[in-house]
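The values are calculated or read from the model by the stated rules, or taken from the named source; none is laboratory data. Owing to the predicted nature of the structure, the values given are computational and were not obtained by experimental measurement. When we count neighbours, we look across all protein chains shown, and the Cβ atoms used for this are built from the backbone with ideal geometry, even at glycine. Remember, those area values only see protein heavy atoms, side chains included, never the ligands or the DNA or RNA. Shrake-Rupley method; radii C 1.70, N 1.55, O 1.52, S 1.80 Å.
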Amino acid sequence: MLKEIIVSKDEYETRAALLENKVLAELFIERQGERYVLGNIYKGKVNSVLPGMQAAFVDIGLERNAFLHVSDIAHHLEEYEEFIEGEGKSKNKSKSNRKNSNGYRKKSEIPSITKLLEKDQEILVQVDKEPMDTKGPRVTAYITLPGRYLVYMPTVEHVGVSRRIENDSERQRLKDIIDSIRPKNQGFIVRTAAEGKGKSEFKSDMKFLLDHWESINRRAQKAKAPALIHEDLGPIFRVIRDIFTQEVSSFIIDSKSDHDRIIEFLNSFLPSLKSKVKLYDEEEPIFEAYSIEKQIKKALRQKIWLKSGGHIIINPTEALVSIDVNTGKYVGRENAEETILKTNIEAAVEIARQIRLRDLGGIIVIDFIDMDKEEHKTKVLKTMGDALKRDRSRTNILQITDLGLVEMTRQRTKPSINDVLCQPCPYCQGDGLVISTETTSINILREIKDIYRETKEREIKIMASGPVAYRLLGEDNYMVKDLESKFNIRIEVEEDLDLHIEDFMLISLRDNQEILLREE
């Protein structure tokens, strides 16, 4: 499979796309000025302890207190089932991070949270899930520090191997290497990228992680809660750490400064990957050149057409995501059972891709077309399970019910692509979604840049809906001014009440004509 990583960085956003055979598989977006906290480590202060919920709220210095469940203080081995096998020992002790040898507790043996935490107690925690909607972040007292090949677990005494490494002899080889070189009582998970690697790579990764943890501990001891102790990597280097492997054929980025930083980093740590990194310096925006913008727009649609003529409909709700499969235009050439099977198999592959691309999580219910034969149900489930193997988030699929429903869960750690790029529709009282004013504002400024590069037009009027015009004149006005200064152009903004919130026009102030870019 051809894998490519495409990174676009401008003054508005950093966006990274993973393409598999030219098809968009994953998308990462981080906007300038926004605060992302996933993976950050904080020294927090317990604000309240709720025995009825077996949880506590912890002040970590953010706008909303963090949620800490008792299972994230007194872990049990099942929490690591997606990553490791065998048995291990916990090293956390009640009300502190001191090591002990009590071993993992069963769920029924987890003590009351009132025995583990008390109000105003200071505790070191890591953000496990970004804030979403009105909820604050979810945190855990079990710190994990991801490296290139290893994940260090300073509070767990265990060596585990990623379940994505399926070869038993390779799993044992990796486990034996880590056991032979790790310090006593230190826990590690071997990442998928470690497959085939040797002792030297693990030693350098392990040393870096151990030194990093010592540095974090020193800062934590000196800091007064609430305080940020460790901030996770920025979006570009997270992508390098998590998905840039030998399987990726090229890493293409349009920022010269970041390209140079990446090369410098790879020279020191991963020289074998340096030749894959390329600087994109063409006039056409990189996401346009690789047809990523079009694929992003498709990923925001409710209905997705299948190649056969069938379609799936995706409906995210507050509590779960429902996905419906329909034959649509596809009537098939064989009997009805074969037509239904082919549609369901094609849908299973596409659903797995859409779940991963849209970053949907929580409970997902899929309504496949009813199948009578058990072997057909088994084939559809296997197809979907195989397609989900490429998903880095934890998933769990249940059997197909008599009604043709499949229930599954997927780990959710950050907002979905809809949450990032869209907002509730003001025209239908929040029943649907439209592109947000922030996204439309950014799209307008990008198009002005493209217009200048193509036509050298220096005097442009933006005609936009009221909410977008107000944003350009207010919250985003500094970006308009930056664009004027950068290209020595003049930009005016005018409200047009007849325009939809997603629509806009760019007018030349010289001749009052709409400026249209040439279509490819």
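Using a cut-off of 27 Å between Cα atoms, the listed pairs K22/K278; K184/K389; K3/K307 include K184/K389 as exceeding that distance. The Cα-based radius of gyration and maximum Cα-Cα distance (Dmax) for the stretch 329-434 are 15.9, 47 Å.
Peptide packing for 57-64, 227-234, 263-270 was compared via the average number of neighbouring C-beta atoms within 10 Å per residue; ordered from the highest value, the list is 57-64, 227-234, 263-270.
Only one residue of S204, A193, Q172 has its Cα farthest out toward the positive end of the dipole of the stretch 170-220, where Lys and Arg carry +1 and Asp and Glu -1 on Cβ, and that residue is S204. About its Cα centre, the stretch 393-435 has a charge dipole of approximately 280 debye under the convention of +1 per Lys or Arg Cβ and -1 per Asp or Glu Cβ, with nothing else charged. For the pair the stretch 322-376 / the stretch 187-255, the C-alpha centres are spaced 38 Å from each other.
Normalised by the number of residues in the stretch 122-267, the mean separation of alpha-carbon contacts (under 8 Å, six or more apart) gives a relative contact order of 20 percent. In the stretch 355-419, taking the dipole from charged Cβ atoms about the Cα centre, the farthest positive-side position among G361, M408, L398 is held by G361. Which net charge results when you count Lys and Arg as +1 and Asp and Glu as -1 among the other residues whose beta-carbon is under 14 Å from that of K276? Neighbour charge sum, excluding K276 itself: +1.
Under 37 °C and 0.692 mPa s, how fast does the stretch 127-224 diffuse according to Stokes-Einstein, given a Kirkwood radius computed over C-alpha pairs? Answer in µm²/s, whole number. My calculation gives 223 µm²/s for D.
Restricting attention to the stretch 419-511, which trypsin sites (Lys or Arg not before Pro) occupy a DSSP loop and are surrounded by at most 11 other Cβ atoms within 10 Å? Mind dumping the intermediate values first?
Values: sites: R446, K449, R453, K456, R458, K461, R471, K481, K486, R490, R510; in loops: K456, R458, R510.
Here the sparse-neighbourhood loop sites are K456, R510.
How big is the dipole moment of the chain about its Cα centre under a simple scheme where the beta carbon of each Lys and Arg is +1, that of each Asp and Glu is -1, and everything else is neutral? Debye, nearest 20, please.
Numbers: 82 positive and 89 negative charges, 571 e Å.
It works out to roughly 2740 debye.
Relative contact order for the chain: 11 percent, from Cα pairs under 8 Å spaced at least 6 residues apart, divided by residue count. With Kirkwood radius over Cα pairs in Å as the read-out, I listed [x] 23.4; [y] 25.8; [z] 27.3; which label goes with the value calculated from this structure? Computing Kirkwood radius over Cα pairs in Å and matching it to [x] 23.4; [y] 25.8; [z] 27.3 gives [y].
Per residue, the average separation of C-alpha pairs within less than 8 Å and at least 6 apart gives the stretch 425-520 a relative contact order of 35 percent. With both residues required to sit in the chain, DSSP beta bridges show an antiparallel share near 75%.
Per DSSP helix of 4 or more residues, -39500 (n - 2.57); summed, then divided by the residues of the chain. What does that give at 222 nm, rounded to the nearest 500?
Helices in the chain give a 222 nm mean residue ellipticity of -9500 deg cm²/dmol.
What accessible area per residue comes out for the chain, rounded to a whole number of Å², with a 1.4 Å probe? Walk me through the numbers on the way to the answer.
Working: 26340 Å² over 520 residues.
I get 51 Å² per residue for this part.
Checking every one of the GluC sites (Glu not before Pro) in the stretch 419-495 against DSSP loop status and a limit of 12 other Cβ atoms within 10 Å picks out E475. Placing unit charges on the Cβ atoms only, positive for Lys and Arg and negative for Asp and Glu, gives the stretch 385-520 a dipole magnitude near 880 debye about its Cα centre.
Using the Kyte-Doolittle scale, find the helices of the chain whose mean hydropathy is at least -0.5 and whose Cα atoms extend 27 Å or more along the helix's long axis, counting only whole DSSP H runs. Could you put the intermediate results ahead of the total?
Working: long enough: 199-222 (35 Å, -1.28); 336-358 (32 Å, -0.12).
Flagged H segments are 336-358.
Between I181 and D402, the simple spin-label model (points 7 angstrom out along Cα→Cβ) gives 5.6 nm.
A simple count of charges around I177, restricted to other residues whose Cβ falls under 10 Å of its Cβ and scoring Lys, Arg +1 and Asp, Glu -1, yields +3. Annotation note: trypsin sites (Lys or Arg not before Pro) in the stretch 230-331 located in DSSP loop regions with a Cβ neighbour count of at most 15 within 10 Å are R301, K307, K329.
Could you please report the charge total around H311, scoring K, R as +1 and D, E as -1 over all other residues with beta-carbon less than 13 angstrom from its beta-carbon? List each step's numbers first, then the result.
Working: positive: K298, R301, K303, K307, K329; negative: D324, E346, E350, D367.
Its environment carries a net charge of +1.
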